[in-house]
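Everything on this sheet refers to the single structure shown next.
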Amino acid sequence: MKILVINCGSSSLKYQLIDMDDESVIAKGLCERIGIEGSVLTQTVPGRDKYVVEQPMPSHNEAIRLVMDALEDSVHGVIKSTDEISAIGHRVVHGGTSFSESCIVDENVKQVIRDRFDLAPLHNPANLMGIEACEAGMPGKKNVAVWDTGFGMAIPEKAYLYAIPYEYYEKYGIRRYGFHGTSHMFVSGEAIRFGGLDPKTAKVIVCHLGNGGSVSASIGGKCVDTSMGLTPLEGLIMGTRSGDIDASVVQFICNKEGKSVDDVLTILNKKSGVLGISGVSSDFRDVGTAAAEGNHRAQAALDAFVYRVAKYIGAYTAAMNGVDAIAFTAGVGENDKDTRKKVCEYLGYLGVKIDDAANDVRGKNTIISAPDSKVKVMLLPTNEELAIARETKRLTE
Ligand code: ADP
């Protein structure tokens, strides 16, 4: 069974064709600059040279057509015909309060995606375009929506309500949703499996530390809290996002600088985080290099980032009244042993002990805590595409 996984941005489309018999990647690719000049598709097949197609892609429809052509190409392709694709799984960012579970796309699902354009104005329109392009290009195939907000929808009322007038929750659905759900679902499942934990009771904290970052807490694979909120702005300090902030800061900057609320929100989303504090970069490697060279603001940014992650772990340990495993994932979590170690240095009171030799590893499933650590600490690479493919298989088989 072959599943095509699609992740659409407003001007990009990432895809993977996965063989579900052994969960291997048959081909993956990226369409860039959709709707703007200089569109290009790049496809990678294990063991082969990259295949690059430079052709105009005025919309996602042309992009999907090019993806199909690249997959079927007689020289560079991997399938004879798209008939070999059993179903298509789509990452969809916001399902509002309507969906906590992945589902097969129908008109109702498309309407929910449209209804939540207000909460995910950059992502949901692109996700819908991707679905409609697949419907047009491969009619009759089942499309599955896997929601980025899905995993977080399980959190209880006490965790999702903002302490603002209740009518805003009722009228507009203003509550905490959480994002990176596919990654948190995948990694918390891996933590239970790889760590040999009890699938019914395991208390797991997942730290997804990439350019965007979030922490989740789950008991028996069910999310009980997660750090992102109505939008991905809440929670950790990220590459360019501020994370948690006193809302009065917005008003204060507006008044001082004559800016609009929209302007300040753009600053909080795109110019803050480790970029904002350091003034160096949003890329953690650049900030790390600057800090090592003695740049105080770069070091301050990294210290604040680590401190915030540790605070969330402390909060979620309290929320669950304990923790069995802490897992690190995504770009920073999978590659940066210093960040993992520094976060864990705050957690001595939990009996967390890191094994430095075990922690000296990148990008593969590893237990990095010492054998006598009270909590298992792990590095577990995330794989959102595989998680989407598994959901798609489960629903369409
Ligand atoms: P996203 O998917 O949110 O764009 P990723 O999960 O790919 O992000 O993570 C990207 C981040 O990971 C970048 O800021 C990058 O600097 C960081 N990163 C990658 N490798 C390392 C490393 N060896 N040390 C520190 N940070 C790293």
Scan of the stretch 143-175 for residues that are over 13 Å from the mean Cα position of the chain (by Cα), at pLDDT 95 or above and open to solvent by less than 20 Å² (accessible area, probe 1.4 Å), ordered by number: 143, 144, 145, 155, 159, 175
Among 122, 128, which is over 30 Å from residue 247 (Cβ atoms) and within 21 Å of the chain's Cα centre (by Cα)? 128
I'd like to check something: does the stretch 360-367 contain any residue that is closer than 30 Å to residue 25 by Cβ, open to solvent by less than 30 Å² (accessible area, probe 1.4 Å), outside any loop (DSSP other than H, G, I, E, B) and of a type outside the set (A, V, I, L, M, F, W, C)? yes
Is it the case, given these coordinates, that residue 333 is within 28 Å of residue 365 (Cα to Cα) and more than 19 Å from the chain's Cα centre (by Cα)? no
Suppose we keep only residues that are part of a loop (DSSP other than H, G, I, E, B) and of a type in the set (Gly, Ala, Ser) within the stretch 19-64. Which one would you say is farthest from residue 4 (Cα to Cα)? 38
Within the stretch 278-335, work out how many residues are outside any helix (DSSP H, G or I) and either away from the ligand (no atom under 16 Å from the Cβ) or under 19 Å from residue 212 (Cβ atoms) (or both). 14
Of the residues 255, 211, which is touching a Gly at 6+ places or on another chain (Cβ under 9 Å) and open to solvent by 40 Å² or more (accessible area, probe 1.4 Å)? 211
Quick check on the stretch 105-135: of everything there that is in contact (Cβ under 8 Å) with a residue 12 or more places away in the chain and polar (S, T, N, Q), which residue is surrounded by the fewest Cβ atoms within 10 Å (Cβ to Cβ)? 124
Residue 140 vs (1) in contact with a helix residue (DSSP H, G or I) (Cβ under 7 Å, 6 or more places away or on another chain); (2) outside any helix (DSSP H, G or I); (3) under 24 Å from residue 18 (Cβ atoms): all pass except (1)
Given the options 372, 338, name the one that is open to solvent by 50 Å² or more (accessible area, probe 1.4 Å) and in a helix (DSSP H, G or I). 338
Select from the stretch 186-233 the residues that are among the aliphatic types (A, V, I, L, M) and away from the ligand (no atom under 16 Å from the Cβ) and list them in ascending order. 191, 192, 197, 202, 204, 205, 217, 219, 224, 230
Test each condition in (1) under 25 Å from residue 122 (Cβ atoms); (2) assigned to a strand (DSSP E or B) for residue 217 and report the one that comes out false. (1)
For residue 386, are the conditions met, namely being touching a helix residue (DSSP H, G or I) at 6+ places or on another chain (Cβ under 8 Å), over 15 Å from residue 192 (Cα atoms) and part of a helix (DSSP H, G or I)? yes
Which numbered condition in (1) more than 28 Å from residue 245 (Cα to Cα); (2) outside any helix (DSSP H, G or I); (3) of a type in the set (D, E, K, R) is the only one that residue 83 fails? (2)
Looking only at the stretch 275-301, and only at residues there that are of a type outside the set (Lys, Arg) and within 21 Å of the chain's Cα centre (by Cα), the one that is nearest to residue 337 (Cα to Cα): 284
List, please: which pairs have Cβ atoms under 8 Å, are six or more places apart or on different chains, and start with a residue in the stretch 42-64 that is of a type in the set (Phe, Trp, Tyr) and end with one that is surrounded by fewer than 18 Cβ atoms within 10 Å (Cβ to Cβ)? 51/42; 51/44; 51/73
Taking only the stretch 20-36 into account, find how many residues are within 20 Å of residue 186 (Cα to Cα), open to solvent by 30 Å² or more (accessible area, probe 1.4 Å) and not acidic (Asp, Glu). 3
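The values are calculated or read from the model by the stated rules, or taken from the named source; none is laboratory data. Nothing here was measured: the structure is a model prediction, and the numbers come from that model. Positions of Cβ are backbone-derived with ideal geometry, glycine not excepted, and every protein chain shown enters the neighbour counts. These area figures cover heavy atoms from the full protein model, side chains too; ligands, DNA and RNA do not enter into them. Shrake-Rupley method; radii C 1.70, N 1.55, O 1.52, S 1.80 Å.
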